[in-house]
Amino acid sequence: MVPLRPLGLGDIASASFATLGRHWKQLVGVMLAVQGIILLVMALLAGIAIASVYDHIEPVFDPPYGQEPSAEHLAPFLVAAITLFVLLCAVGLLGMAVLTALCPAVLREAVMGRPTTFRAMWRTALRRTPAVLGTLALTGLIAGAPVFAALAVGIPLVIASASGGDPSPAVVLLLPALVLLAAPVAIWLATRLGLAPAVAVMEEAGPVAALRRSAALVKGDWWRIFGITLVGSMIAMGVSYLIQMPFQFIGMFGMLPFMAEGGEGTGPSTGMIVALVFGFSFILLGSGVSQMFQIAYTQLFSSLLYVDQRMRRENLVSAILAELAAETAGTGPTATPGAPGTPAAPGAPAAPPADAPPAQPEPPRTETGPQPDPRPNGQADGQPNGQADS
């Protein structure tokens with residue numbers, strides 16, 4: 001499935017499709033479970049937020065004619081809305097961390113040629129979720145720091161210029177210019193740290209160690225990894241769009257009765273409601289399927305880039321062959337240094353070659369102690385056999 005040699009763009013793309021096709025049950029099963037849990041938690045949080053400010057909703061959105069919403073009703077509503085937004089973002093990031101940890105875990109078993117199960121992948125993904133979550137958060141902060149700095153400088157200048165009456169065109173154009181200058185730096189940082197999630201799962205590293213390891217693996221190959229990552233993202237977006245198109249077509253076709261009867265001025269009939277629900281359900285289903293494919297393919301593609309870098313720099317193939325030989329010999333899985341799932345020092349060979357001669361056994365040691373007397377009991381020195389002491 002995954003060639004045990006340095007991989008090109010075609011190898012990485014085809015191996016990503018092959019891994020996705022062979023292990024789709026485990027991937028889809030865990031993804032559906034995670035998304036189901038995330039949606040339930042989000043719905044619960046939204047319900048709690050709405051219930052907490054239910055008495056303030058009508059005064060905010062439907063105040064008396066000619067009046068603005070009062071601060072008494074507006075302040076609790078804004079606090080609840082901001083809190084809900086932050087919590088939903090945190091829950092979404094947590095779900096994304098689980099899905100990001102899932103794909104390298106599946107690929108690790110695919111590289112070793114081992115079968116996967118839903119339970120094993122679920123446990124591995126959950127176990128590595130904290131490290132992957134920290135990796136994603138740190139990567140976002142580090143890569144987004146140049147853009148955040150540009151916004152922090154440009155927005156106050158634009159506001160100060162606009163408050164004076166006639167804003168200066170130079171100040172207005174300053175914000176886009178700063179963002180354009182910061183974007184290349186952010187892209188460079190994001191590519192340099194892009195292999196960190198795969199490192200966090202396959203080498204079971206912490207967030208900071210995973211970021212350092214990713215930077216070391218990308219060093220010297222930034223343009224190659226950036227180009228391959230860009231092509232992989234384009235493939236994922238193109239295929240996900242092709243997946244979504246039939247669902248959108250069926251959904252729009254199903255809503256034709258609703259759109260045809262909508263202009264008669266009468267209330268919605270049962271058929272119109274059924275057609276509307278049918279159409280929106282198909283559109284949402286297509287969106288969910290395409291999103292799952294895009295996430296899985298993108299993460300598998302990035303994880304294969306990590307495997308390729310280790311094959312090129314750290315002789316990962318020899319480590320994999322050594323571990324497979326140990327398993328074939330009946331010794332069971334071994335923690336071969338450098339194999340997927342075990343850390344290796346950057347730049348160091350992962351393991352000795354598989355065709356290295358075996359170590360010679362040590363010669364047996366001779367005991368040098370008192371030896372037992374082979375003569376019959378009671379026979380003295382120099383006495384013939386059969387004569388006893390009188």
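The values are calculated or read from the model by the stated rules, or taken from the named source; none is laboratory data. Worth saying up front: this structure is predicted, and the values here are computed from it rather than measured. Positions of Cβ are backbone-derived with ideal geometry, glycine not excepted, and every protein chain shown enters the neighbour counts. Side chains are part of the model used for accessible areas, which takes the heavy atoms of the whole protein and leaves out ligands, DNA and RNA. Shrake-Rupley method; radii C 1.70, N 1.55, O 1.52, S 1.80 Å.
Give all pairs with beta carbons closer than 8 Å in which a residue from the stretch 184-196 that is surrounded by fewer than 22 Cβ atoms within 10 Å (Cβ to Cβ) meets a residue that is assigned to a helix (DSSP H, G or I) and among the charged types (D, E, K, R); count only pairs at least 6 apart in sequence or on separate chains.
Close Cβ pairs satisfying both conditions: none exist.
Right, Gly144: over 30 Å from Ala110 (Cα atoms) and either touching a helix residue (DSSP H, G or I) at 6+ places or on another chain (Cβ under 6 Å) or assigned to a helix (DSSP H, G or I) (or both) or not?
Here the answer is yes, as Gly144 does meet what is asked.
Would you check which residues across the stretch 300-320 are charged (D, E, K, R) and surrounded by fewer than 24 Cβ atoms within 10 Å (Cβ to Cβ) and list them?
If the condition is that a residue be charged (D, E, K, R) and surrounded by fewer than 24 Cβ atoms within 10 Å (Cβ to Cβ), then Arg312, Arg313, Glu314 are the ones that fit.
Working only within the stretch 230-259, note down all residues that are among the hydroxyl-bearing types (Ser, Thr, Tyr) and open to solvent by less than 60 Å² (accessible area, probe 1.4 Å).
Ser233, Ser240
Which residue out of Thr124, Thr117, Thr129, Thr139 is buried (at least 19 other Cβ atoms within 10 Å of the Cβ), β-branched (Val, Ile, Thr) and closer than 26 Å to Ala326 by Cβ?
Thr124
Hey, any hits in the stretch 37-50 for a residue that's farther than 30 Å from Ala120 by Cβ, β-branched (Val, Ile, Thr) and out of contact with any Cys (no Cβ under 7 Å at 6 or more places or on another chain)?
Taking every residue of the stretch 37-50 in turn, at least one turns out to be farther than 30 Å from Ala120 by Cβ, β-branched (Val, Ile, Thr) and out of contact with any Cys (no Cβ under 7 Å at 6 or more places or on another chain).
Scan the stretch 270-287 residue by residue and report those that are within 27 Å of Ser233 (Cα to Cα), out of contact with any Pro (no Cβ under 8 Å at 6 or more places or on another chain), surrounded by 15 or more Cβ atoms within 10 Å (Cβ to Cβ) and not aromatic (Phe, Trp, Tyr).
Hits for the stretch 270-287 are Ile283, Ser287.
Could you please let me know if Tyr297 is modelled with pLDDT of 90 or more, closer than 18 Å to Trp222 by Cβ and either over 22 Å from the mean Cα position of the chain (by Cα) or open to solvent by less than 10 Å² (accessible area, probe 1.4 Å) (or both)?
Judged against the criteria, Tyr297 is not a match.
Return the residues of the stretch 153-173 that are in a helix (DSSP H, G or I) and open to solvent by 60 Å² or more (accessible area, probe 1.4 Å); say none if nothing qualifies.
Across the stretch 153-173, the qualifying residues are Val153, Ile155, Pro156, Leu157, Ile159, Ala160, Ser163, Pro169, Ala170, Val172, Leu173.
Hey, Ala150 hits all of (1) open to solvent by 40 Å² or more (accessible area, probe 1.4 Å); (2) in contact (Cβ under 8 Å) with a residue 24 or more places away in the chain but one; which does it fall short on?
Only one criterion is unmet by Ala150, namely (1).
Can you tell me which residue within the stretch 75-131, out of those that are over 21 Å from Gly206 (Cα atoms) and of a type in the set (S, T, N, Q), is modelled with the lowest pLDDT?
Result: Thr116.
So which pairs qualify, if the first residue must be in the stretch 218-242 and closer than 15 Å to Thr298 by Cβ and free of Cβ contacts under 8 Å to residues at least 40 places away in the same chain, the second must be open to solvent by less than 30 Å² (accessible area, probe 1.4 Å) and part of a helix (DSSP H, G or I), the Cβ gap must be under 8 Å, and the two must be at least 6 apart or on different chains?
These pairs meet every condition: Phe226/Thr191.
Kindly list, by first and then second residue, each pair from a residue in the stretch 287-298 that is in contact (Cβ under 8 Å) with a residue 12 or more places away in the chain and under 9 Å from Gln244 (Cβ atoms) to a residue that is crowded, with 20+ Cβ neighbours inside 10 Å and polar (S, T, N, Q), limited to pairs with Cβ atoms under 6 Å and residues at least 6 apart or on different chains.
Between residues of the stretch 287-298 that are in contact (Cβ under 8 Å) with a residue 12 or more places away in the chain and under 9 Å from Gln244 (Cβ atoms) and residues that are crowded, with 20+ Cβ neighbours inside 10 Å and polar (S, T, N, Q), the close pairs are Ser290/Ser240; Ser290/Gln244.
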